[in-house]
Amino acid sequence: MTIAPASRRPGSRFLRRAGRALILVPALGLAACGFGEERAGDIPPAEFLEPATGIDYEVEIVGAPNDEASGLMEETLLLYRRQDRGAPSRAILKRRAEEDIASAVKVLKSFGYYKPEIEVEVVELPPEPATPGAADDDVGAEGGPVSRGPVNKGLTLAALTSDADADAEEGEETDGDATAQAPVDDGPRERALARMIIDPGPAFRLVRHDIQLVDVPEGPPVQVPAPDEIGSPVGDRADAATILETEAKVLTALLNQGRPWAKLEGRRAVADMEAATIEVETRVAPGPYAEYGRISVEGLDHVEPGHVNRYRVWRRGEAVDRRQLREYQSELMATELFDSVSVDVPRAAPDAGAPAETPVTVTVEEAKRRTVTAGVRYDTDDGPSVQGGFVHRNLWGEGERLRVDLNAGLVDQSLTAELRKPQFLRRRQDLTFDFEAKHEENDAYDETSALLGAGVERDIGRYWTVGAGGTVEYSLLSQDGRQDDLLLYGIPAFVRYDGTDDLLNPTEGVRATVYGTPYYATRDRGDSQFFKAETLASGYISLDDEKKYVLAMRGRVGSIFSEDYADVPINKRFYSGGGGSIRGYQKDYIGPLDASNDPVGGRSVIEAGVELRAMVWGPVGAAIFAEGGSVSREVYPDFEDDPQFAAGFGVRYYSPVGPIRADIAFPLNARDVDDPFGFYFSIGQAY
């Protein structure tokens, strides 16, 4: 069928517009009748194919003042956003480029260029050669290849009002047959280059930035920081983003000094086109002055309101500070008592003359109080073991936390319990009670023991925790057929720093703990006393922005100060080797051995390890590691027994509850007593 050009067909524009109206009728009918419903007399729904584009094109920006401006243009200009659809003709492509001039000017003004000159041009490019060897399915009725341009089966309003209208206004021909297929492409497609040539002109300089306070109510004087002191580019290029950041800082300063209803009221910018300068006035309404009043809590079920109030970080009567409200919210969430917490003052500012005291409303949704956990562990030293745990986060309504853990293994069995009373006597201070009962049979000794302890722990700032307490421990020890009844009194203390980004799977930061405990021991062979000190530290470095590759390092140093080596009970000496220290060696086997090649422990220890972790595929990762250590009978490491080294590799599965790891390690300087390798399977990273 031969179609005459649009200019030779009277009323063609009317027919095309009527056709577009008819296109909408079936779509509206589908919406009214329901998808997939058929009734007698209905016209079957038609599918409409978007006309094949006539031109593929490239875009070039010439003369942009900086990479940031170029990047912003790539995100906003229609030339880029419609590039994958092509253009019907070079004339339409040029019009599209001309329409983008206004958007480009806005981008340039945001970077301080207020007198730009922009031209556009469209240049024909050589066509790309046709792909040889087209398949039979790509051959049209006349033997030519069919164009595989983009097809839109649900023609949208944007498609009807954008390029389709442009086609009609330019006299381009569109087929009125709703069922027409894409036209036959008789050869390589036409290509073009849309070029935007920019002369940005002079960079306008910000010569003045004033903050104008409006609608200032009675109350304490309003302190507003000078714009140039908080980053406004006064004297430099009038960068819009920096000016907006300055305004945000001014608003934040007011929100943090008793003006919780402060808001920006707009700005006025005056540009001198001859001098290439600009002046900005920012209008800010500080709103009424407010002080902290009473706290009301909504949504509580099992938690006492008084316990929620103890976490507040201000005193009644102080000026409202948005930072304190956020900190209060964060501390309540950290208790794990709540699934959600909202802390705020009333949204609407009070009427003039109202009291300065403002109520604070806390809205919470309580979390589940109980959690039950289970896990498994396996290593070649101790064999398999099963762990179970129970946590109750709110025993009596004030966040009292009870944790019970059970370990059942072939070598050791233990039951531990901890009761923690938060906010004890003062904010961020906990009272703790500990109980432990265990039985262990290892190559060094057999032990049946029970421990009772109590202490106080206090958080200092964001990263530091200190604690001290007292313990009483009874142990029945057996070594080489000899038994020893031991009663120990200790006063443990510690200082902990944790700047890592995650508790179970850290990727950045450092954590370290220093322990110190003086002991007094009573036993059959006589009383003794000693002081045990130990430092554990680990650090983590992300090697890429996505944290797929992490370098982890750890170290351990310890000493026991006593008059004699025998004064230290065998269960309080230092040991090394196994899944918790130097993988690849049997548990506790690094260091001095007795005549039966059983470990006897030492008064000093030193360990070091490094591990490279990598995400391989989805939640699956891999790791390689190297570790070494030494244990000595002396107070300070003397390396009487050569340090032992090991290396290995493993896999990780990063589950929602933490990484699950499986490692295999090999001694590098094994002794006759050492195993050829060690295998370890557990939940959590090695360190």
(request) Kindly sort 106, 548, 587 by accessible area of their heavy atoms, largest first, with the probe set to 1.4 Å. (result) 106, 548, 587
(message) Just to confirm a number: summing +1 for Lys and Arg and -1 for Asp and Glu over residues other than residue 647 whose beta-carbon lies under 13 angstrom from that of residue 647, what do you get?
(response) -2
(message) Given Cβ point charges of +1 (Lys, Arg) and -1 (Asp, Glu) and nothing else, what value in debye, to the nearest 20, does the dipole of segment 562-602 about its Cα centre take?
(response) 320 debye
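Relative contact order of segment 359-437, please, whole-number percent, based on alpha carbon pairs below 8 angstrom and at least 6 residues apart.
Answer for segment 359-437 is 19 percent.
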(request) Holding the Cα-Cα limit at 25 Å, pick out from 548/587; 115/249; 115/263; 109/249 the pairs that are longer than that. (result) 548/587; 115/249; 115/263
(message) Placing unit charges on C-beta atoms (Lys and Arg positive, Asp and Glu negative, everything else neutral), compute the dipole magnitude of segment 262-334 about its Cα centre in debye, rounded to 20.
(response) 280 debye
(request) Net charge near residue 212: determine it from the other residues with C-beta under 14 Å of the C-beta of residue 212, scoring Lys and Arg +1 and Asp and Glu -1. (result) -1
(message) Straight-line reach from residue 532: which aspartates and glutamates fall under 15 Å, measuring Cα to Cα and dropping same-chain residues less than 8 apart?
(response) 563, 564, 567, 634
(request) Only Cα pairs under 8 Å and at least 6 apart count here; give the relative contact order of segment 528-687 as a rounded whole percent. (result) 20 percent
(message) Rolling a 1.4 angstrom probe over the protein chains, ignoring ligands and nucleic acids, what is the accessible area of residue 61 in square angstrom, nearest 10?
(response) 40 Å²
(request) First measure r as the distance between the Cβ atoms of residue 435 and residue 681, then evaluate 1/(1 + (r/R0)^6) with R0 = 30 Å and state the FRET efficiency to the nearest 0.05. (result) 0.55
(message) Below 8 Å between Cα atoms, with a sequence gap of 6+, how large is the relative contact order for segment 442-543 in percent?
(response) 21 percent
(request) Using 0.36 nm per residue of separation minus the Cα-Cα distance, give me the extension gain between residue 326 and residue 81 in nm, one decimal. (result) 84.2 nm
(request) Run the dipole for segment 461-523 about the Cα centre, Lys and Arg Cβ at +1, Asp and Glu Cβ at -1, nothing else charged, and hand back the magnitude in debye, nearest 20. (result) 200 debye
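The values are calculated or read from the model by the stated rules, or taken from the named source; none is laboratory data. The shown structure was predicted, so the numbers you read here are calculated from the model rather than taken from an experiment. Neighbour counts are summed over all protein chains in view; Cβ atoms, including those assigned to glycine, are modelled from backbone coordinates with ideal geometry. Ligands, DNA and RNA are stripped out before the accessible areas are found, and what is left, the full protein with its side chains, is counted by its heavy atoms. Shrake-Rupley method; radii C 1.70, N 1.55, O 1.52, S 1.80 Å.
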